[in-house]
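**Student:** Mind having a look at this structure? Questions to follow.
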Amino acid sequence: MNHQNEIMIKKETTDKNGLNTLSDQDNDTKKGLGEKWPEPTVRVQSLAESNLATVPDRYIKPPSERPDQTIIINHQPKTAAINIPVINHGVRPELMEAAREAWRSFFNLPVEAKEVYSNSPSTYEGYGSRLGVEKGAILDWNDYYFLHYLPLVLKDLNKWPLYLSTLEVMDEYGEELVKLGERLARVLSSILGLKEEQLQEAFGGEDGCMYEACPWPLPHSDPGGITILLPDDKVVGLQVRYRDTWITVNSHPHAFVVNLGDQIQILSNSIYKSSEHRVIVNSQKERVSLAFFYNPKSDIPIQPLQQLVTSNNPPLYPPMSFDEYRLFIRTQGPRGKSYVESHISSC
C-alpha cells in the first residue's frame, strides 16, 4: 500500500487504476487542531482492497501536482549529470531491515487491528490517513503512522503498537538514528564555519531536541531540521525537485536519504536550502518508508544564527518557535515551499 525526534512510517497503497503537541489542548481546539478530523476517516488500505473501478475524486491531484518531466538518478556519477552522493552512516544494515519489516508487518494487519491506534489532529500521533484539517481537501493515497521518540515526556506508549519485537527494534533503531542526527548536525555546523555543537544548541541542546517519525506525499519541504529517510528497498517512490525537474531517486542498498528541512534553512540564513520533495504511487506495488525527524525543541525561537548575519547579509527570517511554524502545516497540510518562502517576504 502506497500509503522529532519524530518518526513517521508511511505505507503508500497501490493505485489499481494506473508534533510535538502544542502546550495547551484548549489552544489546539481554538486553532482547529482538536480531537476530531473535519470528516469521517477513510483508510486508503480499505479503499485499495475494495476493488474500486476508479480512484475517488478526493485522491486525484490537479495536473500541476502530478508526476511529469522526471528523470531517474541511480547514484552512479557516470550515468547522470546530477548525482546524489552516497556516504557511510554507521547504522547496521540488519537493524535497518528489521525496522522496515516490523512496520511492514504492522501495515499488513487488518484495518480493524490498527484502528486502536487512530490519531487526531491535536498531535497526529498514531495511525492516520490525512494531514491538515481543511474540509473537502484533496487527500493523499496513503496511510501513515506518526510517533514521538524523544524527549521522553512526549513519548506516548499508548500509541506504540503492542508488539514486543516492534518496540525493541524501534528503540534500538531510534537510538542509532539519534546518534546519526547528532553527527549530521555537527558536520553541517562545521561546514558553516561554526563550532560543531552550534546547530544542536540552537535546536535546544541534547535534552531539548525532538525526534519524531512520519511521511508526507504531496510536494513539500520538511518543516523541521534534518530528516533521515529509510526508503522502501524494492519500490521506488521518492522524487526531489531540482530546478524545474523532478528527480526520481532509486533506493541504494542499506542507505538513508538525508534531507534538510526549513529550520536548517532558517538557522543558516538560507545558506542551506530545504529541499522540496514528493512521493509517487506505484500502480502495482505497495511501498513502506520510515522518516526520522531531528527537530528543534518546540518552544524556543528559531532565527538566523548571529555568526551568519552581517550588514551585507541581514537576517532573512524573524524569530519563530517550531510550534508556531508547523501549526500552518498541521492546519493546511504541506504546500511545497510556500510557507518558508512567505516567511522570508514577511520580514
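The values are calculated or read from the model by the stated rules, or taken from the named source; none is laboratory data. Remember, predicted model here, so these are calculated numbers, not experimental data. Here the Cβ is made from the backbone with ideal geometry for all residues, glycine too, and neighbour counts use every protein chain on show. The protein model used for the area step is the full one, side chains on, heavy atoms only, and it has no ligands, DNA or RNA in it. Shrake-Rupley method; radii C 1.70, N 1.55, O 1.52, S 1.80 Å.
**Student:** Pick from L194, L157: which is more than 21 Å from Q263 (Cβ to Cβ) and hydrophobic (A, V, I, L, M, F, W, C)?
**Tutor:** L157
**Student:** Inspect all residues belonging to segment 155-173 and state whether any of them is outside any loop (DSSP other than H, G, I, E, B), out of contact with any Pro (no Cβ under 8 Å at 6 or more places or on another chain), open to solvent by less than 20 Å² (accessible area, probe 1.4 Å) and within 17 Å of M210 (Cα to Cα).
**Tutor:** There is at least one residue in segment 155-173 that is outside any loop (DSSP other than H, G, I, E, B), out of contact with any Pro (no Cβ under 8 Å at 6 or more places or on another chain), open to solvent by less than 20 Å² (accessible area, probe 1.4 Å) and within 17 Å of M210 (Cα to Cα).
**Student:** Is there any pair with a first residue in segment 102-123 that is open to solvent by less than 10 Å² (accessible area, probe 1.4 Å) and a second that is outside any helix (DSSP H, G or I) and at pLDDT 90 or above whose Cβ atoms are under 6 Å apart and which are 6 or more apart or on different chains, and what are they?
**Tutor:** Pairs found: K114/Y127.
**Student:** Looking for something surrounded by 14 or more Cβ atoms within 10 Å (Cβ to Cβ) and modelled with pLDDT of 90 or more - is there at least one such residue anywhere in segment 332-347?
**Tutor:** No: segment 332-347 contains no residue that is surrounded by 14 or more Cβ atoms within 10 Å (Cβ to Cβ) and modelled with pLDDT of 90 or more.
**Student:** Could you check V178 against (1) of a type in the set (V, I, T); (2) out of contact with any helix residue (DSSP H, G or I) (no Cβ under 7 Å at 6 or more places or on another chain); (3) open to solvent by less than 30 Å² (accessible area, probe 1.4 Å); (4) at pLDDT below 85 and say which number it fails?
**Tutor:** Of everything listed in (1) of a type in the set (V, I, T); (2) out of contact with any helix residue (DSSP H, G or I) (no Cβ under 7 Å at 6 or more places or on another chain); (3) open to solvent by less than 30 Å² (accessible area, probe 1.4 Å); (4) at pLDDT below 85, V178 misses just condition (4).
**Student:** While we're on this one: For segment 137-148, does any single residue satisfy the condition of being among the small types (G, A, S), touching a Lys or Arg at 6+ places or on another chain (Cβ under 9 Å) and part of a loop (DSSP other than H, G, I, E, B)?
**Tutor:** The answer is yes, given that some residue of segment 137-148 is among the small types (G, A, S), touching a Lys or Arg at 6+ places or on another chain (Cβ under 9 Å) and part of a loop (DSSP other than H, G, I, E, B).
**Student:** Do you know which of the residues in segment 215-231 that are out of contact with any Leu (no Cβ under 9 Å at 6 or more places or on another chain) and at pLDDT 85 or above is surrounded by the fewest Cβ atoms within 10 Å (Cβ to Cβ)?
**Tutor:** If we take residues in segment 215-231 being out of contact with any Leu (no Cβ under 9 Å at 6 or more places or on another chain) and at pLDDT 85 or above, then P223 is surrounded by the fewest Cβ atoms within 10 Å (Cβ to Cβ).
**Student:** Tell me, please, whether a residue that is open to solvent by 20 Å² or more (accessible area, probe 1.4 Å), at pLDDT 80 or above, polar (S, T, N, Q) and not in a helix (DSSP H, G or I) can be found in segment 86-94.
**Tutor:** yes
**Student:** Moving on to the next point. Kindly provide the set of residues from segment 278-291 that are open to solvent by 20 Å² or more (accessible area, probe 1.4 Å) and in contact with a Phe, Trp or Tyr (Cβ under 9 Å, 6 or more places away or on another chain), ordered by number.
**Tutor:** Hits for segment 278-291 are V279, I280, V281, E286.
**Student:** Identify all residues within segment 38-55 that are open to solvent by less than 40 Å² (accessible area, probe 1.4 Å) and in contact with a helix residue (DSSP H, G or I) (Cβ under 7 Å, 6 or more places away or on another chain); write none if there are none.
**Tutor:** Once the filter is applied, which keeps residues that are open to solvent by less than 40 Å² (accessible area, probe 1.4 Å) and in contact with a helix residue (DSSP H, G or I) (Cβ under 7 Å, 6 or more places away or on another chain), segment 38-55 yields R43, Q45.
**Student:** If you don't mind, there's one more thing I want to ask. Quick one: which residue in Y272, Y294 is hydroxyl-bearing (S, T, Y), within 28 Å of E206 (Cβ to Cβ), open to solvent by 10 Å² or more (accessible area, probe 1.4 Å) and modelled with pLDDT of 90 or more?
**Tutor:** One residue alone meets the criteria, Y272.
**Student:** Return the pairs, sorted by first residue and then second, in which the second residue is open to solvent by 50 Å² or more (accessible area, probe 1.4 Å) and of a type in the set (S, T, Y), the first residue lies in segment 308-329 and is over 21 Å from C209 (Cβ atoms), the beta carbons are less than 9 Å apart, and the residues are 6+ apart or on different chains.
**Tutor:** P318/S346
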